[in-house]
Amino acid sequence: MKTQKLIPLLDYVLKVQENEPKPKNFSDFGQIPDYKKTGYDLIQNYAKFLSQPLKLSMFVTCDGEGNVLEEPLETDIFLSNDEEEVYEYEVSEYNKAKSNVLFEGFEVKYFNYGGSDVDKNSSFELTNKDVQVCIYKSQPDYFIWNYKTIQDLAKHGLTLTENAVKTING
């Protein structure tokens, strides 16, 4: 699949318009083949996509409560069938959560404030090589978002996941 980048709405409108059949007047719209997927519909989908408020699960895998999920590691030896079932369940949940991620290349970097171990329930930042999206502080429990909606991130040209592209294209 060809990689698709997040771009501002105006750029997307111009890109779609460039590839669309041009009706001579408004009544011609009904004559365009496969009108369900015309530029207007694509633009409307993209505008809805861009207007979504940011959530952690758009960037990294999270459970239903918004907690970051680590990828389950397969062990060579399962001590019991129960352990194997737990592992398979965790893999299934992780893959389900991964399908909700919209942007590629983000990771959670946990802060270590002088302690020897990093507490996974502690503070962290959500970042990729180009942009820091948010900081989470565990005491008190809150996020500091550097951006509010997907549109705010468009200037960074982030790479979209296959799921994001499907959402946009309907």
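Data table
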| item | result |
| --- | --- |
| Hits in the stretch 47-73 - residues which are farther than 15 Å from L6 by Cβ, in a helix (DSSP H, G or I) and not aliphatic (A, V, I, L, M) | S57 |
| Residue, nearest to the chain's Cα centre (by Cα), within the stretch 5-35, restricted to residues that are of a type in the set (F, W, Y) and at pLDDT below 60 | Y35 |
| Filtered residue count, the stretch 36-93, keeping only those that are hydroxyl-bearing (S, T, Y), modelled with pLDDT of 85 or more and surrounded by 16 or more Cβ atoms within 10 Å (Cβ to Cβ) | 3 |
| Residue that is modelled with the lowest pLDDT [pool: residues in the stretch 155-170 that are more than 16 Å from E107 (Cβ to Cβ) and over 11 Å from the mean Cα position of the chain (by Cα)] | G170 |
| Qualifying positions in the stretch 118-136 - at pLDDT 80 or above and not in a strand (DSSP E or B) | N128, K129, V131 |
| Pick from the stretch 137-154, criterion more than 30 Å from Y46 (Cβ to Cβ) and assigned to a loop (DSSP other than H, G, I, E, B), ranking: modelled with the highest pLDDT | S138 |
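The values are calculated or read from the model by the stated rules, or taken from the named source; none is laboratory data. Here the structure is a predicted model, which means the values were calculated and not measured. Cβ atoms come from the backbone with ideal geometry, glycine included; neighbour counts cover every protein chain shown.
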